[in-house]
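First comes the structure, then the notes that go with it.
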Amino acid sequence: MDPEAIQASGDPVEVLRQKGGDYTDNFPVVPNEITNWLDEQRAVTESVSLANLSHHMTALRVTGPDAADLLRDLSVNSFENYDVGRAKQLVMCNPNGHIIGDGPMLRLDDEEYYSAGMLSANWVRYNLETGDYDATVETEPRTSAHEGDPENFVFQVQGPNARPVLEGVTDADLDSIPFYHFETIDLAGVETIALGHGMSTEFGFEFIGPFEHADQVRDAIVEAGEEHDLKQLGSKAYHTLSVKLGWVPPGVPPIYDVDEMSDYREWLDADSREATYSIDGSFVADDISAYYMDPFELGYGKLISFDHDFVGREALEGMAGDPDRTLVSLAWNEDDVIDVYASLFRAGETKKFMDLPRIGWGRANYDEVLIDGERVGLSHSRSYEYDAGTVISLCSLDTEHAEPGTEVTLIWGEDDSPNPKVERHEQCEITATVGDVPYSADRRKGE
């Protein structure tokens, strides 16, 4: 169903709640597990991991004299101090200040920008086609949506043992490349971009290079990692990394019931990311706008700069002085989580099953978070984390309750879910404790 048909249904919330499937379906080519998800997850914090991100993301390349103008007009970020060799996490919003998408964008040359994974790629392409820019926008969808191999491989190597592994495949001084900067290096005999970035809190790098050399580079990294207990990550383990890191996918595309987005909604294809979205969780609202997210509640307030005009600026200026919510982590009470599983082995109605490690059928998770019976936030992106010893989620929480150590109640389970993937169950309460974001110490900057 295309976005315009979802809008025309009169109940976008119900349509998006009916959708959903195994989250690993969004991660083509790479298997769910290469060894087993638990050992793979443990390797990220205990030894070293290799993640293959070549196939599940939409790549975006913007070139031409007006490339910077196009991206600046759509991004909340300042474009000052954005020289060739730097990357920025670009965040793009609709006119109401709700996030359409984000992703790391590398400035490859004076008139060339490249992202191996940009959630707002369609929005950039739409604005190029409907605007007046002397630029070219090229997008490459995930592998399952086009024929042939991708243009580039994208590998991430992270963990306590990342340095000795990488020393075995390159002579480059990776420690001289600052966080969110990049250089072109020789990696296992292949000219490769080394970006100081990753999807875990551990030290490491993202490597981008010609896909025809992917096997050569991967095999060299695996061989160098044999003595350092390297594990390749399957989709199950990889999907848990963003939770501890503190990155939340920007939720329901803010295109429904927004007059200014009607043309974009009509422009989108039926197989676009926006058209295939789905939601799950205990939070159910009549108004689809209740599911939209702004940069402040996703922890992006520090990236917003009012030194230029951009889509959504006026709305964000109104929020900036006193944001309603901010991003925190939640550690779920272990006994309450265990009780969910225990319900399978005793008489009576069962609780909603938690399939580990990443928990949920929808592309976006929305669970109610309460204090004294009143809603104070929404929990997203649930995942079991071995080193935490429990389930962790990320939460858009009212700022007055965001102090680490605050105890909240999360409602687990869905009342009368229309999704056939959700079994019959009874809702329950899970106690959770507010924590920092990232949940673990961030070692990516070499600190």
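A few comments on the model shown:
- Accessible surface calculations at 1.4 Å, restricted to protein heavy atoms, place region 300-425 at 47 Å² per residue.
- In a simple Cβ point-charge model (Lys, Arg +1; Asp, Glu -1; nothing else charged), region 120-159 has a dipole of about 240 debye relative to its Cα centre.
- Mean residue ellipticity (222 nm) of the chain, computed from DSSP H runs ≥ 4 via -39,500 (n - 2.57), nearest 500: -5500 deg cm²/dmol
- Its Cα centre serving as origin, the chain has a Cβ charge dipole (Lys and Arg +1, Asp and Glu -1) of approximately 880 debye.
- Its convex hull of Cα atoms gives region 17-119 a direction-averaged projected area, equal to a quarter of the hull surface, of 9.6 nm².
- Rel. contact order, % - alpha carbon contacts under 8 angstrom, at least six apart, region 97-244: 19 percent
- All other residues whose Cβ lies under 10 angstrom from that of Val252 are scored, Lys and Arg at +1 and Asp and Glu at -1, for a net of 0.
- Local net charge near Asp11, Cβ-Cβ under 12 Å (Lys/Arg +1, Asp/Glu -1): -3
- 10 °C / 1.306 mPa s Stokes-Einstein diffusion coefficient of region 106-245, Kirkwood radius on C-alpha pairs, µm²/s: 95 µm²/s
- Averaged over its residues, region 2-137 has an accessible area of 35 Å² per residue, based on protein heavy atoms and a 1.4 Å probe.
- Dipole of the chain [Lys/Arg +1, Asp/Glu -1 at C-beta], most positive-end residue of Ser47, Pro418, Ser305: Ser47
- Across region 362-376, computed HN-Hα scalar couplings (Karplus, 6.51 cos²θ - 1.76 cosθ + 1.60, θ = phi - 60°) run x, 5, 10, 9, 9, 10, 5, 10, 10, 10, 6, x, 9, 5, 10 Hz from first to last residue, x flagging Gly and Pro.
- Per-peptide packing, taken as the mean over residues of other Cβ atoms within 10 Å, places 62-69, 101-108, 338-345 in the sequence 101-108, 62-69, 338-345 from highest down.
- Cross-link partners of Lys19 among lysines (Cα-Cα below 17 Å; sequence separation of 8 or more within a chain): Lys421
- Average Cα contact separation per residue, the chain, under 8 Å, 6 or more apart, as relative contact order %: 21 percent
- Gyration tensor (Cα) of region 94-183, equivalent ellipsoid semi-axes in angstrom: 31, 17, 15
- Label point distance in nm, Asn81-Asp173, each placed 7 Å from Cα along Cα→Cβ: 2.2 nm
- Residue (of Gln216, Tyr180, Pro254) at the positive-pole extreme of region 126-258, dipole from beta-carbon charges: Pro254
- Dipole axis of region 14-67 (+1 Lys, Arg; -1 Asp, Glu on Cβ), positive-most option in Pro65, Trp37, Leu16: Pro65
- Debye, to nearest 20: dipole size of region 14-155, +1 on Lys, Arg Cβ, -1 on Asp, Glu Cβ: 480 debye
- Principal semi-axes in Å for the chain [√(5λ), Cα gyration tensor, largest first]: 32, 29, 21
- If you wrap the tightest convex hull around every Cα atom of region 208-294 and split its volume per residue, you get 182 Å³.
- Note on Ser262 and Glu112: the model spin-label points, each 7 Å out from Cα along the C-beta direction, lie 4.1 nm apart.
- Full-extension gain in nm, Asp73 to Asp149, via 0.36 nm per residue minus C-alpha separation: 24.2 nm
- Extension gain for the segment Asp355 to Tyr341, taken as residue separation times 0.36 nm less the Cα-Cα distance, is 4.0 nm to one decimal.
- Considering all C-alpha pairs of region 309-370, those separated by over 20 Å amount to 54%.
- Using all pairs of distinct alpha-carbon atoms, the Kirkwood hydrodynamic radius of region 250-291 works out to 11.4 angstrom.
- Using a Förster distance of 41 Å, the FRET efficiency for Glu129-Glu191 (Cβ separation, nearest 0.05): 0.80
- Charge tally for Leu90 (other residues, Cβ to Cβ under 10 Å; Lys, Arg +1; Asp, Glu -1): +1.
- Fraction of accessible area attributable to carbon and sulfur, the chain (%, probe 1.4 Å): 41 percent
- Reciprocal of mean inverse Cα separation for region 268-397 (Kirkwood radius, Å): 17.2 Å
The values are calculated or read from the model by the stated rules, or taken from the named source; none is laboratory data. Treat the numbers as computed from the prediction; the structure is a model and nothing was measured. Reconstructed Cβ throughout: ideal geometry from the backbone, glycine too, with neighbour counts over all protein chains shown. Accessible surface areas use protein heavy atoms only, side chains included; no ligands, DNA or RNA. Shrake-Rupley method; radii C 1.70, N 1.55, O 1.52, S 1.80 Å.
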